[in-house]
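S.K.: One structure follows; several queries about it will come next.
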Amino acid sequence: MPGSGISVFTDPDDGQAGLRWVQMELLVNSGNFEVRLTWAELHCLRLLHAEERFPRIAYVTLAPALMFVAFPTAADRSPVWTGAEVEAGDIMFHNPGDRVHQLTRGSCAWSLMALPPRDLQDYGRALSGNPLFVPPAGELFRPRPRDAARL
């Protein structure tokens, strides 16, 4: 999946195979599955946006060399990450190699950003002027609405 692209998958096995740096074991609740994946790989930064139509449960294993930042992109259609109700504006950090559960209750939209931990710290310092604290696995942040809107 080098470069960028958009793919629509209606078969869970094909959808899982379409991801190189995220492994997902899917349990499709209703027998229906459809996901539209949009991705881009820019040097060491990887971006993924998923739009799903049906409920499902996933066991996700993240690449061991990358730090992941996950966030919902639809206010009323957010997934649940490892039991945490993720809301619009929330940011969930995942450490390299984390294993997490994800639940969708219907249609939803979410995104992932992945990059080496050192790059995340360097970019955070460049943007804010301060060192970026890399939180422990599965840490959920709820920025103030004003700060979330700036992101």
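S.K.: Please enumerate the residues belonging to segment 64-84 that are in contact (Cβ under 8 Å) with a residue 40 or more places away in the chain, within 14 Å of T104 (Cα to Cα) and outside any strand (DSSP E or B).
M.R.: Scanning segment 64-84 gives a single hit, T82.
S.K.: Contact list please: Cβ distance under 9 Å, first residue in segment 110-125 and in contact (Cβ under 8 Å) with a residue 12 or more places away in the chain, second residue of a type outside the set (S, T, Y) and in a helix (DSSP H, G or I), pairs at least six apart or on different chains.
M.R.: Listed by first residue and then by second, the contacts come to M113/L120.
S.K.: Quick check on my filter: what residues within segment 25-50 are part of a strand (DSSP E or B) and either touching a residue at least 40 places away in the same chain (Cβ under 8 Å) or polar (S, T, N, Q) (or both)?
M.R.: T38, E41, L45, R46, L47, L48, H49, A50
S.K.: E51 - would you say it is within 12 Å of the chain's Cα centre (by Cα) and of a type in the set (D, E)?
M.R.: So E51 passes the test.
S.K.: Which of the residues spanning segment 15-51 are closer than 28 Å to R118 by Cα, of a type in the set (D, E, K, R) and out of contact with any Leu (no Cβ under 9 Å at 6 or more places or on another chain)?
M.R.: R20
S.K.: What is the residue count in segment 59-80 for residues that are under 21 Å from A17 (Cα atoms) and out of contact with any helix residue (DSSP H, G or I) (no Cβ under 9 Å at 6 or more places or on another chain)?
M.R.: 9
S.K.: For segment 6-22, state whether one or more residues are among the aromatic types (F, W, Y), over 23 Å from Y123 (Cα atoms) and in contact with a strand residue (DSSP E or B) (Cβ under 7 Å, 6 or more places away or on another chain).
M.R.: yes
S.K.: Identify the single condition in (1) in contact with an Asp or Glu (Cβ under 7 Å, 6 or more places away or on another chain); (2) in a loop (DSSP other than H, G, I, E, B); (3) not hydroxyl-bearing (S, T, Y) that E87 does not satisfy, given that it satisfies every other one.
M.R.: (1)
S.K.: Exactly one condition in (1) over 21 Å from E34 (Cβ atoms); (2) touching a residue at least 60 places away in the same chain (Cβ under 8 Å) is false for T61; which is it?
M.R.: With respect to (1) over 21 Å from E34 (Cβ atoms); (2) touching a residue at least 60 places away in the same chain (Cβ under 8 Å), T61 is out only on (2).
S.K.: Please go through segment 1-41 and pick out each residue that is within 18 Å of C108 (Cα to Cα), surrounded by 13 or more Cβ atoms within 10 Å (Cβ to Cβ) and polar (S, T, N, Q).
M.R.: Correct list: S7, Q16, N29, T38.
Taken together, the values in this text are just the output of simple stated rules run on the coordinates, not laboratory data. Everything numeric in this text was worked out from a predicted model, so none of it was measured. FYI the Cβ positions are ideal-geometry reconstructions off the backbone, even for glycines, and counts take in every protein chain you see.
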